[in-house]
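Only one structure is covered here, and it is reproduced in the block below.
Laboratory data are not the source of any read-out in this text; all were calculated from the coordinates shown. Bear in mind the structure is a predicted one, so any value in this text is a computation, not a measurement. Positions of Cβ are generated from backbone atoms using ideal geometry, with glycine treated the same way; all protein chains shown enter the neighbour counts.
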């Protein structure tokens, strides 16, 4: 009797009960081999929440568990939409190939993250090397993990058809947020290879080498039709992290009906599309995600820690990882939050005048949650339309405005400003890369105007303007100056109360 238990393994998960992954038979590569690779295991040592785990004590979950959850939802979505995908695109391969391609994209979409995740992109990789974690992820998928991916023979649903293989370039395309307009992995120096994106010239199953752009074949249409699975307003990525982060932080969240959103998803010539019956669940999810940004991701103490981190993160990274991650993959693979903390703690043994000793002492303040800054003012702006009379301020404009309205005696006062911004929904969900197509069964067509009603109470843009001080002695003067600066930019009067 042939039983599945030696081929598919169960992983317990607090969100989904159990996740399924394929196990290796003798001489075979399976999902477990990709998951057990050093690049994936490294994600266990990078927190999912870059600073919020210092605020919510139970939020110790990692990028690794989020990646497993995203893989699971990606597989569910692939199995559900496969019949309509194959109908729209006759060149679609077998269900196991489609399922496995999307599962691997979910599993590996964050594999390129550095310490403190998006913070590392914004503060170091972007300014220094013109990179972000998605570009690094693509590079790792095609080079470091490409041989594993191309050797896979089955998904949890069953074996591939004879001659079929997963192409690493297809997986790499799906993990890039702007993949519909490009999405090719970067060259070794971090530069984009041009407008072309594609696979190696050998086609499906060919060796996953970083071939010159001119030799790559176009990404097949069936892959492009699935791009919204990981790029857009509602993705398997954010369907996992919103619920997982809320659960691990202990935050009560309104119902997020991921199963309904998947059930009412299907493929059209426009790509992944929602049926009209998904609209109520869509609105609930967008509001739940907005709630998490307001109450967890934009938490005032988390952002105060981020501001302190900004002062020492880049000089630290210049010592720890002076070369681009793509130029020294070995050093990058060994770099995680654990290794970073261990390294900077070792600098405490250096002479007191050493620059590394100074950095280490600052790191100790952060690690032990001795928060340098405290919030003394906050003003929230939510916009239903992208353009209103009030003008959005940059951080520098806000800082200059606040300082300009302080009393002369406080001209040298130390303070910081922060603007936490989020797009709870696309500014224009009817067009652009984050379009949300909705099918109306009455007309049998995609009707963009159906979104109007459900998005009416979901802000198009949200800003939190904040002022932080070192100490609270001049809280009132700072709050009044901040309010005056915002009123000058056209915002309604804000409360001076510290929230």
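Quick notes
- Each peptide among 65-73, 116-124, 239-247 gets the average number of other Cβ atoms lying within 10 Å of its residues, and from highest to lowest they stand as 65-73, 239-247, 116-124.
- Alpha-carbon spread of the chain, three principal axes, descending order, Å: 81, 64, 46
- Stokes-Einstein diffusion coefficient of region 4-295, Kirkwood radius over Cα pairs, 20 °C, 1.002 mPa s, in µm²/s: 111
- Relative to the longest principal axis of the Cα atoms of the chain, helix 133-142 runs at roughly 20 degrees.
- Percentage relative contact order, region 108-163, counting C-alpha pairs under 8 Å, at least six apart: 32
- Global form of region 300-367, assessed from the alpha-carbon gyration tensor, a/c cut-off 1.5: oblate
- The Cα center of region 213-265 and the Cα center of region 57-124 differ in position by 7 Å.
- Each of residue 368 and residue 480 was given a label point 7 Å from its Cα along the Cα-to-Cβ line. The distance between the two points is 3.8 nm.
- Region 212-334: C-alpha pair distances exceeding 16 Å, %: 74
- For the chain, the longest principal axis of the alpha carbon atoms and the long axis of helix 475-488 meet at an angle near 70°.
- On Cα atoms only, tilt of 337-346 relative to the major axis of the chain in degrees: 40
- Quotient of C-alpha Rg and 2.2 N^0.38 Å, computed over region 1-60: 1.51
- Largest first, the three principal axis extents of the alpha carbons in region 1-159 are 52, 34, 33 Å in whole numbers.
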